[in-house]
1. Of all the strands (runs of 3 or more DSSP E) wholly in the stretch 132-244, which have at least 1 residues that are at pLDDT below 90 and exposed (fewer than 15 other Cβ atoms within 10 Å of the Cβ)?
2. Looking only at the stretch 114-131, which residues are assigned to a loop (DSSP other than H, G, I, E, B) and among the small types (Gly, Ala, Ser)?
3. Pro84 passes all but one of (1) within 17 Å of Ser210 (Cβ to Cβ); (2) touching a helix residue (DSSP H, G or I) at 6+ places or on another chain (Cβ under 7 Å); which number fails?
Amino acid sequence: MGFVVPSRFCGPPESGNGGWVSGHAAALLEPGPDESVTVRLRTPPPLDRDLQVVHGETDGRRSLEVADGEHPVAQATVGAALAPTGIPAPVSFAAATTAGEGYEGLAAHPFPTCFSCGTGRERGDGLRLQPGRVAEGDGAYAAAWVPAADVTLETVWAALDCPGGWASGIAGRPMVLGTMTAQVASLPAVGEEHVVMAWPRGGEGRKYQSGTALYAADGRLLGQAEATWIAINPSAVRPAGGSA
């Protein structure tokens with residue numbers, strides 16, 4: 001079975017968006033409604049290349065490994081349901097839109113090509129999420145999102161991905177996704193207003209933890225995720241100012 005990351009779904013210009021890639025791996029495992037999937041990214045996922053997938057078991061749970069020849073790319077494992085506790089309540093779509101006006105990526109973005117939050121992407125091509133700090137939100141961020149016609153599990157994982165990085169401080173120190181655990185109860189409705197909430201969950205050394213949640217306009221929790229981010233050397237990226 002092949003595994004291809006089309007160049008459209010990049011994060012940095014030459015590798016896949018961590019959330020989309022993780023969501024694609026999760027989709028291949030076909031998790032049930034009471035199951036989450038944990039994906040560990042081992043190396044930047046290459047674009048437009050046929051990667052190999054091997055299904056198996058890890059500690060009695062369904063799993064798979066994605067590789068580029070001899071080089072491991074990702075490992076995904078089905079797990080227990082995530083507890084919907086400690087998740088901030090959603091702000092309104094209008095409040096999320098206002099928060100997005102303060103999106104730090106508009107001033108300088110480490111990866112402006114990113115499918116999820118890149119400022120160099122056209123609307124309709126990328127998600128163009130603009131997570132911004134919520135006023136009096138105790139460190140929480142919010143992003144307004146109206147999904148387009150190509151909503152998939154991969155798209156939802158991408159939406160749950162990057163807001164967590166901004167909540168964890170990616171504006172001050174570039175980071176890449178290391179591990180992501182997510183559970184999606186329902187895909188969002190195309191053309192309707194949604195809100196992604198994100199919040200920091202601490203960190204140590206080069207590792208930072210975040211939480212994210214996707215809400216429908218009526219307040220229903222559609223999906224949630226926990227992620228670990230790895231800080232990288234700022235000299236390894238070229239921040240780009242301004243929005244497209």
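1. On the way: elements: 141-145, 175-184, 194-204, 207-216, 221-231.
By residue number, 194-204.
2. At the first step, the residues of the stretch 114-131 found to be assigned to a loop (DSSP other than H, G, I, E, B) are 114-122, 124-125, 127-131.
Ser116, Gly118, Gly120, Gly124, listed by residue number.
3. (2)
Residues checked against (1) under 17 Å from Cys10 (Cβ atoms); (2) of a type in the set (A, V, I, L, M, F, W, C):
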| site | (1), (2) |
| --- | --- |
| Leu106 | no, yes |
| His109 | yes, no |
| Gly118 | yes, no |
| Asp125 | yes, no |
| Arg128 | yes, no |
| Ala144 | no, yes |
| Gly169 | no, no |
| Pro174 | yes, no |
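The values are calculated or read from the model by the stated rules, or taken from the named source; none is laboratory data. Predicted model only: the values in this text are computed from it and were never measured. All Cβ positions, even for glycine, are placed from backbone atoms using ideal geometry, and neighbour counts span all protein chains on display.
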